1. Just checking my list (1) 27; (2) 48; (3) 24 against percent of Cα pairs over 30 Å apart computed from this structure; which label fits?
2. If you roll a 1.4 Å probe over the heavy atoms of the protein chains, what accessible area per residue do you get for the chain, in Å²?
3. Which one, 217, 58, 111, has the greatest fluctuation when you compute a Gaussian network model over the chain with C-alpha springs under 10 angstrom?
4. Between residue 88 and residue 18, what FRET efficiency follows from the Cβ-Cβ distance if R0 is 35 Å, with the result rounded to 0.05?
5. Taking R0 as 41 Å, what FRET efficiency do you get between residue 151 and residue 7 from their Cβ-Cβ distance, rounded to the nearest 0.05?
6. Extending each Cα 7 Å along its Cβ direction at residue 164 and residue 275, get the distance between those two points in nm, one decimal.
7. Apply the a/c threshold of 1.5 to the C-alpha gyration tensor of the stretch 3-135 and tell me whether it is rounded, prolate or oblate.
8. What do you get for trypsin sites (Lys or Arg not before Pro) in the stretch 169-278 restricted to DSSP loop and a cutoff of at most 16 other Cβ within 10 Å of the site's Cβ?
Amino acid sequence: MSSDPEKMMSKADKMTKLTLTRWSADWRGATELYEQAANGFRASNKYEKAKVALEKASKGQEMQSSPWDAAKHMESAAALAQKLSIWNEVADFYRKASELYVECGRAQPASDALGKAARALEDVKPDDAIQLYTDACEILEEDGRDQMAFDLYRACANVYIKLEKFTDAATFFLRLGVAADKCDATNSQCKAYLSAIIVYLYAHDLKQAEKCYNDCSQIDAFLKSDQNRSASRLLTAYNEGDIEEIKKVASSSTVSNLDNVIIKLARKLPTGDVTAIQMNMGDDLDEDDLT
C-alpha cells in the first residue's frame, strides 16, 4: 500500500462512497486509511490536512459504533485546530468529543474535553470559554462528581474577573462553596466564601459583601473558620474606615492561602473611599434612629 497520505485519503474517500459496484461503504477500511493519513500529514507538519483526516477518522469510528475512539480523534483534531488558531473549530471539535464521551457514559472525559476548549479560548474568546467551563461543571454536577469540578469553578471565576464581571465571578465562587459543602471539603468551601466576599469588596460593593458574609455565616463550618474571621475583620475595617486594618487583613496568611487572582485583588483593597462608607453608615443610623 502507498505510504503517501494524499493517496490514502483519496482511496479512503472512495471506500465510503456507494457506486454501482459498491453497495455498502467500507468504513472500517476507510477509517484505518484516514488514521494512517493523519499520522503521515502530522509527521510532515501538514496540520490542516491532518486535521481533516482526523475529522474523517472520527466519523468513521462513529459509523462503526465506536464513540470512544471517535471522541479521541475529535480531540486530536481540536488540538490541531488550536495549533492553527482556528478558534471556532477548537470549540466545535471539543464539544463534539464531549458529546461522544457522554454517549459512552463517561462524564469525566466529557467534562475534560470542554475544559480543554475553555482553556484554549480564555484569551481569544473569553465569553465562549465561560460557557464551556459552565457546561463542563454541569456535566460533573449531574454525574455527582462535584469535587472534580473545583478547578473548573475557579477557572471560570478567574475569566469573569479578567472581564471585570465581578458579580458573576463571586457567584461562581459561591457555586464552588456549595459543591464543596456536598463533598464535605470544608477548607475549599470556606476559601470559596471568603474569595466571593473579597471580590465584592474589590468591586466596592460593601452591601453585597455584607449580605454574602451573613448568608455564608449561616453555615456552621464557615462560621467557625479562619476565613470567617478574616471576612469579619475586613467588613468591620470597612465600616470603621480603617484603611490600615484592611491592608493588614488583606496581607494575612489566611488570604495568602487563596487563589492567586484573589490574592492580587485583596492586595489592592480598598479600591474606593472607605471614609465615604463610614459617613454614609452614620447618616443611615441617624435616619433609622427612632428612639
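The values are calculated or read from the model by the stated rules, or taken from the named source; none is laboratory data. None of these values were measured; they are calculated from a predicted model. Cβ sites come from the backbone with ideal geometry, for glycine too, and all protein chains shown count toward neighbours. These area figures cover heavy atoms from the full protein model, side chains too; ligands, DNA and RNA do not enter into them. Shrake-Rupley method; radii C 1.70, N 1.55, O 1.52, S 1.80 Å.
1. Computed from these coordinates, percent of Cα pairs over 30 Å apart corresponds to label (2).
2. Details: 14930 Å² over 291 residues.
Per residue, the chain has 51 Å² of solvent-accessible surface.
3. Of 217, 58, 111, the Gaussian network model singles out 217 as fluctuating most.
4. Numbers: r = 31 Å, r/R0 = 0.89.
Result of the calculation: an efficiency of 0.65.
5. Values: r = 45 Å, r/R0 = 1.09.
E between residue 151 and residue 7, to the nearest 0.05, is 0.40.
6. 2.6 nm
7. On the way: a/c = 2.77, a/b = 1.61, b/c = 1.72.
Oblate, since a/c reaches 1.5 and b/c is not below a/b.
8. Details: sites: 175, 182, 191, 207, 211, 224, 229, 233, 247, 248, 264, 267, 268; in loops: 224, 268.
Those satisfying the criteria are 224, 268.
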